[in-house]
1. Can you compute the FRET efficiency between SER297 and VAL46 using 1/(1 + (r/R0)^6), with r the Cβ-Cβ distance and R0 = 25 Å? Round to the nearest 0.05.
2. Can you give the relative contact order of region 79-279 as a percent, counting alpha carbon pairs under 8 Å and 6+ residues apart?
3. Is region 134-202 rounded, prolate or oblate when judged by the Cα gyration tensor, a ≥ b ≥ c being the square roots of its eigenvalues, rounded requiring a/c under 1.5 and prolate requiring a/b larger than b/c?
4. Sort TYR139, TYR257, TYR217 so that the residue with the fewest other Cβ atoms within 10 Å of its own Cβ comes first and the one with the most comes last.
5. What trypsin sites (Lys or Arg not before Pro) in region 139-190 are in a loop by DSSP, with at most 16 other Cβ atoms within 10 Å of the Cβ?
6. At 0.36 nm per residue, and after removing the present C-alpha to C-alpha distance, how many nm does the segment from ARG172 to ARG26 gain when stretched out fully?
7. Can you give me the distance in nm between label points at ALA229 and GLU7, each placed 7 Å from the Cα along the Cα-to-Cβ direction?
8. Order the peptides 260-269, 190-199, 218-227 from the highest to the lowest mean number of other Cβ atoms within 10 Å of their residues.
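Coordinate-derived values only; no laboratory data. Given the structure is predicted, the values throughout are model-derived calculations rather than measurements. As a convention, Cβ positions derive from the backbone with ideal geometry for all residues, glycine included, and neighbour counts pool all protein chains shown.
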Amino acid sequence: MKPPSPEVLGWGAFVLSGAAELWHERRMRRLGRLGFGSMEGPRAWVRAVPWLRAAAAGAVAWGLATLLGMGPMFVRQQEVPEGGWRHLVIALDVSPSMQLKDAGPSRTLSRSRRASELVISLLGRVAMDQVRVSVVAFYTGARPVVVDCMDVEVIRNILDDLPLEIAFEPGRTSLMEGVRASAELAKGWPRGTATLLVVSDGDTVPDQGLAPLPPAYAHAMVVGVGDAAGGKFIDGHQSRQDSGALRQLAGRLMGRYHDGNARHLPSAELAALAKVMPMRDAAGMGRRQAAMLAAGSGGVVLAGLPVVLALAGAPGHAARQGRGRGTISRSIPSPVNP
């Protein structure tokens, strides 16, 4: 049988405690004169005591039941950087031409390997505890591979080991599809929190059909890999880095082009991602904290009410004694002198 929820236990304790307090109050009305005399009763605020006790009992029951259901937690509170998470979206070319070996300073690395080196070097200079990384693979189409990742090893595995080209139909590479998928990914993010990094060996960019990036993107960079002067033959044609098309794409994205074949990305371009921001608690008053507060405050009320009632629940003793002496003096006749 499933145990009742903390909410049910809390309301149950409130109702039962409230009913008991009302019953107790009715029974004690007949004994009021014994405690306060015929002319007096407790202070006005004492009328709220039954409801305070009932609310405190419900709070303690809910808080303790909630904490019991959650169990212990040894992780720190969820925190986000000031201004929210920053996002890095990597649009990665996974076409077969990226396997050609004409990249790197020695022109002996495959283009995909050089792209991996560039991205891993970039992530090493990024505040990864404050940046979430997404990878969009594109060839004849485009598909998100991972979204909002914070683990560098996951990104490394995607870049090094996954044959992502088999997820697409063979054909011509479409840079536009990669950019469109990256734009779609960022539509719900806050303004100015994302950076787009396009890594490719180039493709023909049509004159029309490229919509502006969403306002979430504050920066865009297009990185070319592969030899821009020579090239390699594949499928009956010569493939080389199409730097002209990549520059054109960077201009239309209001970003910058970088030839990554021989040089890594400059650190100045990573300032928005590398900056470490102060952290703040994102959860605010979470369920665990609310349960602890409810249990603690309810316990304090239940334990403290008897003391407060004893000290401040009844009217002042001096006033009662004064009225008592006046009553006694009026009831005893004055002695008669002989």
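1. Once the sixth-power term is evaluated, E becomes 0.80.
2. 27
3. Oblate, because a/c is 1.5 or more while a/b does not exceed b/c.
4. So the ranking, lowest neighbour count to highest, is TYR257, TYR217, TYR139.
5. Passing sites in region 139-190 are ARG172, LYS187.
6. Using 0.36 nm per residue and subtracting the Cα-Cα distance, I get 43.9 nm.
7. Placing both labels 7 Å along Cα→Cβ, they lie 7.1 nm apart.
8. Ranked from most to least packed, the peptides come out as 218-227, 190-199, 260-269.
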